[in-house]
Amino acid sequence: MKLIIIGAGYVGLPLAISFSKYYDVICYDIDKKRINELRMGLDCTNQHSKREILNKRLLFTNNKNSILNQLCYIVTVPTPITKKNNPNLKMLSEASKIVGKSIKKNSLIVFESTTFPGCTEEFCIPIIERNSKLKFEKDFYVAYSPERVNPGDKINTLKNITKIVGANDKKTLRSAKKFYKLICNSIYPVESIKIAESAKVIENIQRDVNIALVNEFSILFNKLGIPNNKVLKAAATKWNFHYYKPGLVGGHCISVDPYYLSHKSREKNYIPKIILAGRNFNEGMGNYISNQTLNIMKKNNINLKKADIAILGFTFKENVPDVRNTKIEQIYNRLRKKTKKIRVFDSLASKSEVRKKFNFKLYDFENIKKFKYDAIILAVSHKIFLKKINFYNQFYKDKKNKIFIDIKNNFSNSDLKNNGFKYFQL
């Protein structure tokens, strides 16, 4: 048997590599550039080595004819949102068409793409039926096993996480459990596809709402002149307090999933309140940080029109190259209205991708030494940025006015004060 994986990104590639220990695996993707890179052993996500990718049992292709008439297909395509924050199911629709035209009788299809409850049965399966001329639960079978990939995390890997597997009948569920047991230490079966879809989407919404709460704490304590990070650490000494750090919430999961569930909720004439309140609050944090930066600069008599600002980091989280839904864009665009001299430094993100998607030049961190700044914003906690605080002294125009904005609380208040920085922390 050849296993077919549709999508060669953050979710599909780890699956392909893991399953290739047991099966011949064909990983299909419409992105020719991505396929060509993988054929050379190059992973732009920086998650896997050349040795892992150049596996004799692993084939990368964009040829649909290479994936015909197999017994098992796994769909891992992205599920983004539109500009109006509605689910964008174009890639999921196309993947379902491809699967429908490829499967044979008794094929098992597993969806891993994050989506709203009911999407697999109400949207994907009808597309497969139309394109295959086969009947669900009679001629082919479907399970849902939500991805839990955490880019940059070397501990909670595919092997070590608990893998949820859901199907509507016991036979399909047994097959899917047995299948995933090969690559995951722990399987958690659930008795329907909808339960599995729902579990995935609320995992990320819970984080979004909790981060929104601590972001609001941060704004409040900043106004009160109380160090927010010390308040959170003190509160965390209680046994049932859940410790979350404030910050920007972007990426392809946490900042997207609330819109998927709220879309389904609206179909049932219910407008979610807490879910969307948390999302809306987090969406505004980039502008809040930008405004705080401008206010601090004004108070220190820095001419905004002539000011030079450095932003350290552009990816949506630390130590990964992924810039999808990065909220640093908000900070850049807001500051850009006040000053033209802004440079963004990130050695992990793709310069060509940033130029194409966001229309500005990205610099390697090493180039920061070539310039002098009125303000530095440490926006993403890449390892390369976490040098001792006195390292940054050399990059300021005026050594008396050293505006340092530490979004992720990488340095303590005393470290910043002792080195003469005028700063803001979340």
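Odds and ends about this structure:
- Per-residue SASA entry for Lys417, accessible area with 1.4 Å probe, Å² rounded to 10: 130
- Accessible surface of the range 309-369 [probe 1.4 Å, protein heavy atoms]: carbon and sulfur percent: 42
- A 1.4 Å probe over all protein chains sorts Lys397, Lys305, Lys230 by accessible area into Lys305, Lys230, Lys397, starting with the largest.
- Accessible surface of the range 58-144 [probe 1.4 Å, protein heavy atoms]: carbon and sulfur percent: 49
- The mean sequence distance of close C-alpha pairs (under 8 Å, at least 6 residues apart), as a share of the length of the range 169-269, puts its relative contact order at 30 percent.
- Accessible area per residue in Å² at 1.4 Å probe, computed on the range 333-426: 51
- Within the accessible area of the range 197-254 (1.4 Å probe), percent carbon and sulfur: 60
- Relative contact order %, the range 307-426, counting alpha carbon pairs below 8 Å whose residues are six or more apart: 26
- Considering only the Cα atoms of the range 124-229, their convex hull presents on average a projected area of 9.6 nm².
- In terms of the mean number of neighbouring beta-carbon atoms within 10 Å, the peptides 241-249, 108-116 order highest first as 108-116, 241-249.
- Computed from Cα positions, the angle between helix 170-181 and the longest principal axis of the chain comes to roughly 50 degrees.
- Length-normalised contact order for the chain - Cα pairs under 8 Å, 6+ apart - percent: 11
- Stokes-Einstein D for the range 220-308, Kirkwood Rh over Cα pairs, 37 °C, 0.692 mPa s (µm²/s): 200
- Taking the inverse of the mean reciprocal distance over all distinct Cα pairs, the Kirkwood hydrodynamic radius of the range 11-116 comes to 14.8 Å.
- Against the compact-protein benchmark of 2.2 N^0.38 Å, the Cα-based radius of gyration of the range 305-426 scales to 1.00.
- Peptide ranges 255-266, 378-389 listed from the most packed, as the mean C-beta count within 10 angstrom indicates: 255-266, 378-389
- A simple spin-label model places the labels of Asn359 and Leu42 2.8 nm from each other, with each point 7 Å out along Cα-to-Cβ.
- Taken along the Cα-to-beta-carbon direction at a fixed 7 Å, the label points for Leu304 and Ser66 span 5.3 nm.
- log10 of Debye I(q)/I(0), alpha-carbon scatterers only, for the chain at 0.07 Å⁻¹: -0.39
- Degrees between helix 274-283 axis and first principal axis of the chain (Cα, 0 to 90, nearest 10): 50
- Calculated [θ] (222 nm, deg cm²/dmol) that DSSP helices of n ≥ 4 give over the chain, each run adding -39,500 (n - 2.57): -11000 deg cm²/dmol
- For the range 101-165, the spread of Cα positions along each principal axis, largest first, Å: 43, 23, 17
- In degrees, nearest ten, helix 285-299 long axis to first principal axis of the chain (Cα): 10
- Cross-link pairs beyond the 32 Å C-alpha cut-off, checked among Lys56/Lys194; Lys64/Lys178; Lys233/Lys370; Lys83/Lys178; Lys163/Lys361; Lys317/Lys370: Lys56/Lys194; Lys233/Lys370; Lys83/Lys178; Lys163/Lys361
- Annotation: per residue accessible area for the range 97-247 equals 50 Å², rounded to a whole number [probe 1.4 Å, protein chains only].
The values are calculated or read from the model by the stated rules, or taken from the named source; none is laboratory data. Note that this is a predicted model, so its numbers are computed, not measured. Cβ: placed from backbone, ideal geometry, glycine included. Neighbour counts: every protein chain shown. When the accessible area is computed, the model is the full protein with side chains, heavy atoms only, and any ligands, DNA or RNA have been set aside. Shrake-Rupley method; radii C 1.70, N 1.55, O 1.52, S 1.80 Å.
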